[in-house]
Amino acid sequence: MVKQIDMSVNVGGIAMQNPVTVASGTFGYGMEYSQLIDIRHLGAVTVKGVRLQPWPGNKLPRHAEVPGGLVNAIGLQGPGVDRFITDYMPPLQEAGVPVIVNIWGTSEEEYAEVAARLDGVSGVAGVEINVSCPNVKEGGNAFGTDPLLVSSLVRAVRRSTKLPIIPKLAPNVPAIAVFARAAAEAGADALSLINTIPAMVIDVETRRPVLSNIVGGLSGPAIHPVAVKLVWEAAQAVRIPIIAMGGITGPQQALEFMIAGATAVAVGTANFIDPTTALRVIEGIANYCVRHGYSAAREISGTVIVEKSK
């Protein structure tokens, strides 16, 4: 008889039937993939970023394949929060899977307003805050590169909604623990990390940047070891749950994140290559639990053995 594994996890108040979601920006608004996989099997669907008003994103070209990953500068194209609620949420509500909505803006007030409009929408289980956006009121510096701005932004969103809030931390900071603590102390219910790593691709024949935006964000297998290190450091700094992402192509990378301290994981760039990746990860985590004698997937979290130097 096959041992029954309890795959459920709780991420800051979001009850997930298993610890696997998808990374924002890699899965559309969920239903785009519904003809390829049964999204009801996911622990949650994390949708593409929405802001207060519709946004066209950047001009083409907006992505470039590189060894070990993808550099993209889509520019957060989206329909705006009101249209998302009326046009995109109904089929997700029908599917019954928890929805985590990635939100963004250029001011604290905009973030807070988007979160407020999502508050109470059936099926919305939480908001993921993209802190890598520029704060126009502070000279264009990204929220995520200043712990004081992170703290202030999280507090503003916390005041505007009862939903669980999950800041998505930037990797390009001197010490991730400082930012993790700033977010947790400001009222974050969980953390999401990592976001893409700033990158650039040049066409050597034309000597011009490949992307119209000049720079973009690197994702995919190349960033995985970096992400594991940052997840481990963040997990040492805070007690709130972590959703980890960065280069997951199968169960092994997901298990690394959980062993490092993550409660849940998100499959990102691999969705473009194999839309069934998240389902394979779910199965792989369950099989790992059987092989190693765990009765619940959440028991894996934080089990890394680190021997300190004498």
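The values are calculated or read from the model by the stated rules, or taken from the named source; none is laboratory data. Predicted, not measured: the structure shown is a model, and the values here were computed from it. Every residue, glycine as well, gets a Cβ built from its backbone with ideal geometry; the counts of neighbours run over all protein chains shown.
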>> Contact list please: Cβ distance under 8 Å, first residue in the stretch 43-63 and hydroxyl-bearing (Ser, Thr, Tyr), second residue in a loop (DSSP other than H, G, I, E, B), pairs at least six apart or on different chains.
In response: 46/23; 46/24; 46/27
> What is the residue count in the stretch 224-274 for residues that are among the aliphatic types (A, V, I, L, M), under 16 Å from the mean Cα position of the chain (by Cα) and within 28 Å of residue 34 (Cβ to Cβ)?
Replying inline: 14
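For residues that are of a type in the set (Val, Ile, Thr) and in contact (Cβ under 8 Å) with a residue 60 or more places away in the chain, scanning just the stretch 215-237, find the one that is nearest to residue 14 (Cα to Cα). Reasoning before the result, please.
Step one: of the stretch 215-237, the residues of a type in the set (Val, Ile, Thr) are 215, 223, 226, 228, 231.
Then keep just the ones that are in contact (Cβ under 8 Å) with a residue 60 or more places away in the chain; that gives 215, 223.
Values: 215: 34, 223: 27 Å.
Per the criteria, the residue is 223.
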> If you go through the stretch 70-109, how many residues are within 19 Å of residue 143 (Cβ to Cβ) and surrounded by 19 or more Cβ atoms within 10 Å (Cβ to Cβ)?
Replying inline: 11
> Quick one: in the stretch 49-69, which of the residues that are touching a strand residue (DSSP E or B) at 6+ places or on another chain (Cβ under 6 Å) and closer than 26 Å to residue 126 by Cβ is surrounded by the fewest Cβ atoms within 10 Å (Cβ to Cβ)?
Replying inline: 55
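So is residue 170 outside any helix (DSSP H, G or I) and without any contact (Cβ under 8 Å) to a residue 40 or more places away in the chain or not? If you could, list the steps in order and put the result at the bottom.
Numbers: outside any helix (DSSP H, G or I): yes; without any contact (Cβ under 8 Å) to a residue 40 or more places away in the chain: yes.
When the stated conditions are applied, residue 170 passes them.
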> Within the stretch 184-213, how many residues are surrounded by 15 or more Cβ atoms within 10 Å (Cβ to Cβ), assigned to a loop (DSSP other than H, G, I, E, B) and of a type in the set (A, V, I, L, M)?
Replying inline: 7
> Of all residues in the stretch 237-291, how many are part of a loop (DSSP other than H, G, I, E, B), touching a helix residue (DSSP H, G or I) at 6+ places or on another chain (Cβ under 7 Å) and either among the acidic types (Asp, Glu) or over 24 Å from residue 187 (Cβ atoms) (or both)?
Replying inline: 6
> If you take the residues in the stretch 126-145 that are at pLDDT below 80 and assigned to a loop (DSSP other than H, G, I, E, B), which one is surrounded by the fewest Cβ atoms within 10 Å (Cβ to Cβ)?
Replying inline: 139
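Within the stretch 254-277, can you find the residues that are closer than 21 Å to residue 299 by Cβ and either of a type in the set (A, V, I, L, M, F, W, C) or buried (at least 24 other Cβ atoms within 10 Å of the Cβ) (or both)?
At the first step, the residues of the stretch 254-277 found to be closer than 21 Å to residue 299 by Cβ are 254-266.
Matches in the stretch 254-277: 254, 255, 257, 258, 259, 260, 262, 263, 264, 265, 266.
How many residues are in a strand (DSSP E or B) and not hydrophobic (A, V, I, L, M, F, W, C) if we restrict to the stretch 214-236? Talk me through it step by step, then tell me what you get.
Initial filter on the stretch 214-236 (in a strand (DSSP E or B)): 215-219.
This time we only want the ones that are not hydrophobic (A, V, I, L, M, F, W, C), so: 216-217, 219.
Counting residues in the stretch 214-236 that are in a strand (DSSP E or B) and not hydrophobic (A, V, I, L, M, F, W, C) gives 3.
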>> With the requirement that a residue be in contact (Cβ under 8 Å) with a residue 60 or more places away in the chain and either touching a His at 6+ places or on another chain (Cβ under 6 Å) or surrounded by fewer than 24 Cβ atoms within 10 Å (Cβ to Cβ) (or both), what does the stretch 157-167 give you?
In response: 164
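From the list 46, 26, 21, exactly one residue is among the β-branched types (Val, Ile, Thr), closer than 27 Å to residue 293 by Cα and in contact with a strand residue (DSSP E or B) (Cβ under 8 Å, 6 or more places away or on another chain). Which is it?
Values: 46 fails: closer than 27 Å to residue 293 by Cα; 26 fails: closer than 27 Å to residue 293 by Cα.
Exactly one residue qualifies, and that residue is 21.
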>> Can you tell me which of (1) over 30 Å from residue 162 (Cβ atoms); (2) in contact with a strand residue (DSSP E or B) (Cβ under 7 Å, 6 or more places away or on another chain); (3) buried (at least 17 other Cβ atoms within 10 Å of the Cβ); (4) modelled with pLDDT of 95 or more is the one residue 216 doesn't meet?
In response: (4)
